[in-house]
Amino acid sequence: PVMSVGILLVTHEDIGAQIVAVCDAICKQRETPVAMVSVPADLRPEALGKHADMIRAAMLAQDSGDGLLVLTDVYGATPDNLARYFSTECNARVVSGINLPMLLRVLNYADQSLEQLCQTALTGGIKGVKTGKQ
């Protein structure tokens, strides 16, 4: 049976949507669904609950039984903290520091198990960062 790990991007503003748009331009035949939740960069305390509810609902909806990989933009920022908080309610792993190479690699190996895909995300993100002389 093919694994079907859910993929959710929880980022500030439209970072997630922009990275997905570039992935789609590069890989024209993407079949893996990617859900997104956008959090304002200037999130006011009174709006925190609404965004927390949106993230929780998206996480629960995206875990179809094989688990959920949540990619966030900045470790320790609000989107990441909320995703990590709600990850205990479903079978989710959170990887922060999303970049284009990370998402491309995840989408290319989307049939992996949750643990494998988590490692694939980490590897793709780290190996995608280089200086010119490597």
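As a length-normalised measure over Cα pairs under 8 Å and 6 or more apart, the relative contact order of the chain settles at 29 percent. Across the range 51-57, coupling constants 3J(HN,Hα) worked out from phi with the 6.51/-1.76/1.60 Karplus curve, θ = phi - 60°, read 6, 4, 4, 5, 5, 4, 4 Hz, and Gly and Pro carry x. Accessible surface comparison of 64, 96, probe 1.4 Å, protein chains only, largest first: the order is 64, 96. Once both labels are positioned 7 Å from their Cα atoms along Cα-to-Cβ, the gap between residue 74 and residue 54 label points is 1.7 nm.
Accessible area ranking (1.4 Å probe, heavy atoms, ligands and nucleic acids excluded), largest first, for 46, 115, 31: 31, 46, 115. Solvent-accessible area assigned to carbon and sulfur over the chain amounts to 54 percent, based on a 1.4 Å probe. A 1.4 Å probe run over the protein chains yields, for the chain, 55 Å² of accessible area per residue, whole-number rounding. Give the residues of the range 9-23 whose amide nitrogen is closer than 16 Å to a point set 7 Å from the Cα of residue 88 in the direction of its Cβ. What the label zone holds, given the 16 Å backbone N cut-off, is no residue at all. Across the range 93-106, coupling constants 3J(HN,Hα) worked out from phi with the 6.51/-1.76/1.60 Karplus curve, θ = phi - 60°, read 10, 10, 10, 9, x, 3, 9, 4, x, 4, 5, 4, 5, 4 Hz, and Gly and Pro carry x. Using the alpha-carbon positions of the range 13-98, Rg (one decimal) and Dmax (whole number) come out as 13.2, 40 Å.
The values are calculated or read from the model by the stated rules, or taken from the named source; none is laboratory data. Keep in mind it's a predicted model, so treat the numbers as computed, not measured. Cβ sites come from the backbone with ideal geometry, for glycine too, and all protein chains shown count toward neighbours. Areas reflect the complete protein model, heavy atoms only, side chains present, ligands, DNA and RNA absent. Shrake-Rupley method; radii C 1.70, N 1.55, O 1.52, S 1.80 Å.
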